[in-house]
Amino acid sequence: MAQLSLPRRLISYFDRIVGFFIFFNILALAILVFTQVIMRYVLRSPLMGIEELCYFPATWLYLFAAVYASSEKSQLYARVLEIFIKNKRRVYLLRCLAAIVTTSILMWLTYWGYDLLKYSMRVEKLTDTLFIRWTLAEGSVFVSFALMLFYTVVEILDYFLLYRGEDLPLAKKIEEEL
């Protein structure tokens, strides 16, 4: 087996953590909703606060699904210019430039996520029924944007190496797209 580069090992490690979080949050949501259905419709005794509890794993699930899409490079793209570009090196350069623009936007959003986290920790908002700190949900914004930023920086490096002529496994996938 070939030795993986440091960014690839980090991505593999983060992918496992993200996958675990996604699985855990899906499981938590399913258990909470199942419990609420049983309590409300079978036992005729609704459990107060389930809706509040569902908010936390749902927020982490949605944002970590975006992180996973960023990792897998399966988010939506509009690669209209690539239709007209036939040279692979120019396609790599165009994708590298697009990743640089994405990185600058993610840096801005990560900064905003950090501001939200600081605000949430300073204000210490609590949920209405269970008095759980909203920081547990609002912190997911900063964490997910920071991980997406990491994946996008690695994407810049990949496309730059492909532009320089390096042979990466990503090149085969891109050739199939073209």
Only unsatisfied item for residue 82, checking (1) part of a helix (DSSP H, G or I); (2) under 30 Å from residue 47 (Cβ atoms), is (2)
Say we look at the stretch 92-131 and pick out the residues that are free of Cβ contacts under 8 Å to residues at least 60 places away in the same chain and of a type in the set (Phe, Trp, Tyr); which of these is farthest from residue 63 (Cα to Cα)?
131
For residues that are among the β-branched types (Val, Ile, Thr) and farther than 23 Å from residue 10 by Cβ, scanning just the stretch 71-100, find the one that is surrounded by the most Cβ atoms within 10 Å (Cβ to Cβ).
91
It is to be established whether one or more residues within the stretch 59-76 are of a type in the set (A, V, I, L, M, F, W, C) and in a loop (DSSP other than H, G, I, E, B).
yes
Condition first: in contact with a helix residue (DSSP H, G or I) (Cβ under 9 Å, 6 or more places away or on another chain), in a loop (DSSP other than H, G, I, E, B) and farther than 23 Å from residue 18 by Cβ. Can you find one or more residues in the stretch 93-109 that meet it?
no
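Which residue, of 122, 40, 44, is over 25 Å from residue 166 (Cα atoms) and outside any helix (DSSP H, G or I)?
Among 122, 40, 44, only 44 is over 25 Å from residue 166 (Cα atoms) and outside any helix (DSSP H, G or I).
So how many residues does the stretch 131-178 have that are over 21 Å from residue 104 (Cβ atoms), modelled with pLDDT of 85 or more and surrounded by 12 or more Cβ atoms within 10 Å (Cβ to Cβ)? Show your work before the answer.
Step one: list which residues in the stretch 131-178 are over 21 Å from residue 104 (Cβ atoms), which gives 131-140, 164-178.
Next cut, modelled with pLDDT of 85 or more only: 131-140, 164.
Applying the additional criterion that residues be surrounded by 12 or more Cβ atoms within 10 Å (Cβ to Cβ) yields 132-140.
Summing the residues that are over 21 Å from residue 104 (Cβ atoms), modelled with pLDDT of 85 or more and surrounded by 12 or more Cβ atoms within 10 Å (Cβ to Cβ) in the stretch 131-178 gives 9.
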Starting from the stretch 44-65, take each residue that is more than 11 Å from residue 21 (Cα to Cα) and at pLDDT below 90 and list its partners that are assigned to a helix (DSSP H, G or I) and among the basic types (Lys, Arg), counting only C-beta distances under 7 angstrom and pairs at least six apart or across chains.
46/40
Would you confirm, using the coordinates I've provided, whether residue 89 is in contact (Cβ under 8 Å) with a residue 60 or more places away in the chain and not β-branched (Val, Ile, Thr)?
yes
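The values are calculated or read from the model by the stated rules, or taken from the named source; none is laboratory data. Given the structure is predicted, the values throughout are model-derived calculations rather than measurements. When we count neighbours, we look across all protein chains shown, and the Cβ atoms used for this are built from the backbone with ideal geometry, even at glycine.
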